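Note sheet for the following structure.
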Amino acid sequence: MSVKIRLQRHGKKQKPFYWVVAADARSKRDGKYLEKIGTYNPNTNPATIELNLDSAVKWLHNGAQPTDTAKAILSYKGALLKHHLDGGIRKGALTQEQADAKLAAWLEAKAGKVDAKKDGLSKAQADAKAKAFKAEQEVNAKRLAAAAQAEADAIAAATPAEEEATEEVVAETEEAPAAEENNETEA
């Protein structure tokens, strides 16, 4: 019986979520498996991977063949490196302490890279938010200026009409007493 380390799809449409499993090569993709090794969520940025490193290395020692995607995941989490270092220990090229130190240094460097990517993504997201907020403020300022200009134009248009109306009223009131004086002098 040949064993494969592969992904088993879960989740809903357009939102995949995978289990990393060790399964018989003849079983269906989402069918029976021997052991669940971890999970893989490609929906997050960067992708979230949880892997039982010891279990994955145990299956690699027993001859399990990873698929291409599972191999990339195992490499990303350091399972293939640990398997390689264990081979060096068996041959006598390394001691267990040296292998553990190399693996710890590699895992620390990898964690640093992942943290740097997360920081870069959060910084880029914050920059995009700030840029959008600034653009929105500019649009709001233009809108308020246009509204104030329209209001000033409306007031300016209404002011001459009021002045003409008041001038006409004043002229009529001045003519009326003059006409009354003329009537009184004739009488």
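What does the charge dipole of the stretch 1-145 about its Cα centre add up to, to the nearest 20 debye, if the Cβ of each Lys and Arg holds +1 and the Cβ of each Asp and Glu holds -1? Present the calculation step by step, with values, prior to reporting the outcome.
Details: 28 positive and 15 negative charges, 145 e Å.
Once rounded to the nearest 20, the dipole reads 700 debye.
Express the carbon and sulfur contribution to the solvent-accessible surface of the stretch 64-130 as a percent, rounded to the nearest whole number, probe 1.4 angstrom. Write down the numbers at each step before the final one.
Values: 2510 of 4480 Å².
The computed percentage sits at 56.
Could you calculate the FRET efficiency of Ala132 with Gln14 from 1/(1 + (r/R0)^6), where r is the beta carbon distance between them and R0 is 30 Å, rounded to 0.05?
Efficiency, from the Cβ-Cβ distance: 0.70.
What list of ³J(HN,Hα) values in whole Hz, one per residue of the stretch 16-26 in order, does the Karplus curve 6.51 cos²θ - 1.76 cosθ + 1.60 (θ = phi - 60°) give from phi, with Gly and Pro shown as x?
Going residue by residue, I get x, 9, 10, 9, 8, 10, 9, 9, 5, 4, 8 Hz, with x marking Gly and Pro.
Suppose R0 equals 22 Å; then what is the FRET efficiency for Gln65 and Trp106 from their Cβ-Cβ distance, rounded to the nearest 0.05?
0.45
Can you give me the long-range amide H partners of Asp30? Hydrogens built in the peptide plane at 1.01 Å from N, cutoff under 5 Å, separation of 5 or more residues or another chain.
When sequence neighbours closer than 5 places are left aside, there are no close amide H contacts.
What order do you get for 144-150, 16-22 when each peptide is scored by the mean count of other beta carbon atoms within 10 Å, highest first? Write down the numbers at each step before the final one.
Values: 144-150: 10.0, 16-22: 20.1.
Averaged packing, sorted descending, gives the order 16-22, 144-150.
Can you give the FRET efficiency to the nearest 0.05 for Ala124 and Thr48, using r as the Cβ-Cβ distance and R₀ = 25 Å?
0.85
Tell me, in nm to one decimal, what length is gained between Lys28 and Ala145 on full extension, where the rule is 0.36 nm per residue of separation less the Cα-Cα distance?
Gain in length upon complete extension: 35.5 nm.
Averaged per residue, what accessible surface does the stretch 1-151 expose to a 1.4 Å probe, in Å²?
The answer is 68 Å² per residue.
The values are calculated or read from the model by the stated rules, or taken from the named source; none is laboratory data. Quick caveat: nothing in here was measured; it's all calculated off a predicted structure. Don't worry about glycine lacking a Cβ; one is built from the backbone with ideal geometry, like all the others, and counts go over all protein chains shown. Just the protein is used for accessible areas: all its heavy atoms, side chains included, with ligands, DNA and RNA removed. Shrake-Rupley method; radii C 1.70, N 1.55, O 1.52, S 1.80 Å.
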